Structure formats: structure tokens, C-alpha cells
Amino acid sequence: MKMMTAKVSQKGQVVIPAAIRKAQNITTGTKLSFTVTNDGITIKKVPSSLNWDELIKSIPNEKVEFDREGHYDAAKAPYFDEWMKENE
């Protein structure tokens, strides 16, 4: 997305451009967090409880069993196996 600008009103309010609101699904009541950095201000959406529920549902949940030599069955723990391969 290209950079967009907005003016600050006398009350200190800024209108987030419609294209950004639409792309980030920012609607009435959406909470935002503001972080001041050396370079400026970062604005992020605060995850709602629904967002957290969806995120938690997407986390794989599997039991990984190791044998005495520290080996595991990749077929029984595919997500763990994928993670191990990515972090070798």
C-alpha cells in the first residue's frame, strides 16, 4: 500500500484514510494502540477477543512423544516435525 497523509484537527483528531481502514478491517469501535518511537508513531490494531480466539484455534495442538534416544515419530507430530526442520 502506498503512503497516505492526513491532517490533525484542532481537537488533535486524525481521520484514517478509507483505503487503510478497509485493508485493515478497522471499523467503529476498533481499538488502536499507539507507540512512540525515535522515528515517529506506530499505530496498530489491538486484537479483540474474537481475534485471539481465531488465532488460538489456528495453533496446532499435538502431543510429541520421544523415545529413549530422543527421537519422535514425524507422522504423529507433523507440526513439531515441520518446526524442527525450519529451526535446524
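The values are calculated or read from the model by the stated rules, or taken from the named source; none is laboratory data. These numbers come from a predicted model, not from an experiment. Counting neighbours? That spans all protein chains shown, and the Cβs are built from the backbone with ideal geometry, glycine included. In case anyone asks, the SASA skips ligands and DNA or RNA and just uses the protein heavy atoms, side chains included. Shrake-Rupley method; radii C 1.70, N 1.55, O 1.52, S 1.80 Å.
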With the dipole of the chain defined by +1 on each Lys or Arg Cβ and -1 on each Asp or Glu Cβ, the option from Tyr72, Asn61, Thr28 whose Cα lies farthest towards the positive pole is Thr28
Scalar couplings 3J(HN,Hα) for segment 71-83 by Karplus 6.51 cos²θ - 1.76 cosθ + 1.60 (θ = phi - 60°), nearest whole Hz, x for Gly and Pro, are 8, 9, 8, 4, 5, 8, 9, x, 5, 5, 4, 4, 4
Measuring from its Cα centre, segment 25-88 shows a charge dipole (+1 at each Lys and Arg Cβ, -1 at each Asp and Glu Cβ) which, in debye to the nearest 20, is 540 debye
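Hey, what's segment 43-87 come to in accessible area per residue, 1.4 Å probe, Å²?
I get 93 Å² per residue for segment 43-87.
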Mean separation of Cα contacts under 8 Å (at least 6 apart) over the residue count of the chain, i.e. the relative contact order in percent, is 12 percent
Two pseudo-spin positions, 7 Å from Cα along C-beta at Val14 and at Val46, lie apart in nanometres by 1.8 nm
Taking protein heavy atoms only, a 1.4 Å probe, and rounding to whole percent, the accessible area of the chain owed to carbon and sulfur comes out at 54 percent
Going through Lys22/Lys45; Lys2/Lys57; Lys2/Lys85 one by one, the pairs whose alpha carbons sit over 24 Å apart turn out to be Lys2/Lys57; Lys2/Lys85
Dividing the helical contributions, -39500 (n - 2.57) per DSSP H run of n ≥ 4, by the residues of the chain yields a 222 nm value, nearest 500 deg cm²/dmol, of -8000 deg cm²/dmol
